[in-house]
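Heads up, the thing below is written out as structure tokens.
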Amino acid sequence: MALRTADDYLDSIRKRSLRVFYRGERMDSVVDHPIAWPAANCVAEVYRAALAPETASQLAVDSPLVGEPVNVSNILWRSRDDLIARIKWERLLGRMTGRGALRSPGLDAINALAVITHRCDRERGTAYHERLLAFVARIQREDLAVSGAMTDVRGDRSRRPATQADPDLFLRVVSRERGGVVLRGAKAHQTSAVHCHEHVVLPMTCGPDEGAWAIACAVPSDAPGITHVYARQPSDSRRAEGSPLDAGLPAFGGCESLMIFDDVFVPDHHVFLCGEAEYTQELVRLFGSFHRFCYGGCKVGIADVVIGAASLIATANGVRDRSAVEAKLTEMVQLNETMYACGLAAALESAPTEAGTWIPDIALANVTKLNVTRFPFEIARLAADIAGGAMLTLPSQADLEHPEIGPAVRKYMAGHPDVPTAERMALFRLLEFLTHGAGAVYFLHESLHGAGAPEAMRILLRREVPLAPFEAAARHLMAR
Ligand SMILES: Cc1cc2nc3c(=O)[nH]c(=O)nc-3n(C[C@H](O)[C@H](O)[C@H](O)COP(=O)(O)OP(=O)(O)OC[C@H]3O[C@@H](n4cnc5c(N)ncnc54)[C@H](O)[C@@H]3O)c2cc1C
């Protein structure tokens, strides 16, 4: 099968019996529920793009593992070119959907595990790497959507797994049974988990006495004992109102869930680390850095849409040719291309690993994400400046179309005569969605916290880029 159609993907998710709660009720279909549809359709778009003639060359590549073309979301990186290509296709999908690739946490998880399982096998005589490769071959062959589940709920942030008031606040192995392990706990903020076939579960950093929490494995999304609590997002209920104009971007979106493991059995052949706590810190470093790296593409693609919408609004407002507007748009482009350049640089400086895979430059990956924690906020501020107040004070679609008040709304919401009023209003709503509505979860909040809060990057940078060589350079010049 190797490349599924979007319809086949959506049907395969419809057939799964998942336990999902939304606003205190069971969500009957994570595909057809109006709140969930845009996120399901966004994952489907990654499938569509891999088969569409105009994008297939970027989204599908030959896999040496299975000997046929597979989706780039499931590959192990085999070259510098794979990593450069990743930044480009992430940007493409961000631009196509206003959200992004959605299968990326799973991609980062399998690539981080490829390095760690190989190292663990060599040093400890375990047999994890072959298991991982068998899993990767299966997800490639069946074109499965895979989530990357690392973030534990973590209770008191000052406490480690073993010293929490409740040991389940970090996902852990509660028992080892013949042929597998049993997991209990919860992972927070799980992107697209309800729309995935498999979850790749990763541990956070564990101390030497915290082997029970050092678990990495793959779990099918419909495994008995898994429950999702589907997150609310700003303006999400607009999607259920049947007013596409008010929704801003009705076609696409994202979703996160609180994923609860209530004694979930995982067979041994899906376990990739179990108790080897000494490898968890490096696993976190790699997974976190790989995911930070990809923001140099996906957030850039969303920013492309924000910049485009701001430019079109300036046209609709009749001020597109003014130098002050041009300066703001130019600044937005500069900030955006800086994020992109850093992502590309991390790919250009990539290096091979002992596992035969390639990884981006870790320092530059973290600088990429540090830029991303700030620049989208500035781009959003400049877009709001250009848009003016109407972006957040606009009448509704029902008022626009109302027989009594509609003509007045159309008359008074008019801008430049060449731009229809409804189009001007749709532009405001799109920008509102991306910077203040459900889209802001991804353009702004995920830019800040996704793949770790900014401090995680600073801590890593302090380790990755020692200042001693810079001090030596200063001393050297002083002595001349
Ligand atoms: C939209 C979105 C999608 C996401 N998708 C995924 C996903 O698919 N998979 C996944 O595994 N994770 C995902 N995440 C989780 C993401 O990695 C975390 O949000 C991030 O690591 C921050 O953790 P937190 O949210 O628990 O915040 P916290 O860790 O509570 O951070 C809040 C603040 O407290 C500070 N802080 C925390 N601990 C300490 C401490 N000990 N000392 C001093 N300061 C501290 C932080 O620096 C930060 O400033 C997603 C997050 C978002 C927002």
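The values are calculated or read from the model by the stated rules, or taken from the named source; none is laboratory data. Values in this document were obtained by computation on a predicted structure and should not be read as measured data. With ideal geometry, Cβ positions are generated from the backbone for all residues, glycine too; neighbour counts draw on all protein chains shown.
Annotation note: Cβ proximity below 6 Å between a residue of the range 170-196 that is over 16 Å from Ala277 (Cβ atoms) and a residue that is near the ligand (Cβ under 10 Å from one of its atoms) and at pLDDT below 95 (sequence gap 6+ or interchain) occurs for Ser192/Leu102. Annotation: Glu423 fulfils all but one of (1) crowded, with 20+ Cβ neighbours inside 10 Å; (2) away from the ligand (no atom under 16 Å from the Cβ); the unmet one is (1). The condition (being within 30 Å of His416 (Cα to Cα) and modelled with pLDDT of 95 or more) is satisfied by just one residue among Gly296, Gly356, Gly308, Gly343: Gly308. With the condition kept exactly as written, say whether any residue in the range 444-456 is more than 16 Å from the ligand (Cβ to nearest atom) and either at pLDDT 95 or above or in the same structural domain as Ala303 (by TED's automatic domain parsing) (or both). Scanning the range 444-456, I find no residue that is more than 16 Å from the ligand (Cβ to nearest atom) and either at pLDDT 95 or above or in the same structural domain as Ala303 (by TED's automatic domain parsing) (or both), so the answer is no. Just one of the numbered conditions (1) assigned to a helix (DSSP H, G or I); (2) more than 16 Å from the ligand (Cβ to nearest atom); (3) within 30 Å of Phe252 (Cα to Cα); (4) not β-branched (Val, Ile, Thr) is not true of His416; which one? Checking His416 against (1) assigned to a helix (DSSP H, G or I); (2) more than 16 Å from the ligand (Cβ to nearest atom); (3) within 30 Å of Phe252 (Cα to Cα); (4) not β-branched (Val, Ile, Thr), the one that fails is (1). Close Cβ contacts (under 6 Å, 6 or more residues apart or on different chains) running from residues in the range 408-421 that are over 12 Å from Thr315 (Cα atoms) to residues that are of a type in the set (A, V, I, L, M) and assigned to a loop (DSSP other than H, G, I, E, B) comprise Thr421/Met413; Thr421/Ala414.
Considering only residues in the range 434-443 that are part of a loop (DSSP other than H, G, I, E, B) and either of a type outside the set (A, V, I, L, M) or near the ligand (Cβ under 10 Å from one of its atoms) (or both), the one that is surrounded by the most Cβ atoms within 10 Å (Cβ to Cβ) turns out to be Gly439. When restricted to residues that are over 21 Å from the mean Cα position of the chain (by Cα) and charged (D, E, K, R), the range 273-292 contains 2.
Taken together, Ile379, Ile386 contain a single residue that is within 30 Å of Arg285 (Cα to Cα) and in contact (Cβ under 8 Å) with a residue 40 or more places away in the chain, which is Ile379.
The set of residues in the range 11-28 being surrounded by fewer than 20 Cβ atoms within 10 Å (Cβ to Cβ), under 25 Å from Ser243 (Cβ atoms) and under 22 Å from the mean Cα position of the chain (by Cα) is empty.
This table checks each residue for (1) more than 28 Å from the chain's Cα centre (by Cα); (2) within 13 Å of the ligand (Cβ to nearest atom); (3) among the hydroxyl-bearing types (Ser, Thr, Tyr); (4) under 14 Å from Asp262 (Cα atoms).
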site: Val146; (1), (2), (3), (4): no, yes, no, no
site: Arg159; (1), (2), (3), (4): no, yes, no, no
site: Asp166; (1), (2), (3), (4): yes, no, no, no
site: Val174; (1), (2), (3), (4): yes, no, no, yes
site: Leu183; (1), (2), (3), (4): no, no, no, yes
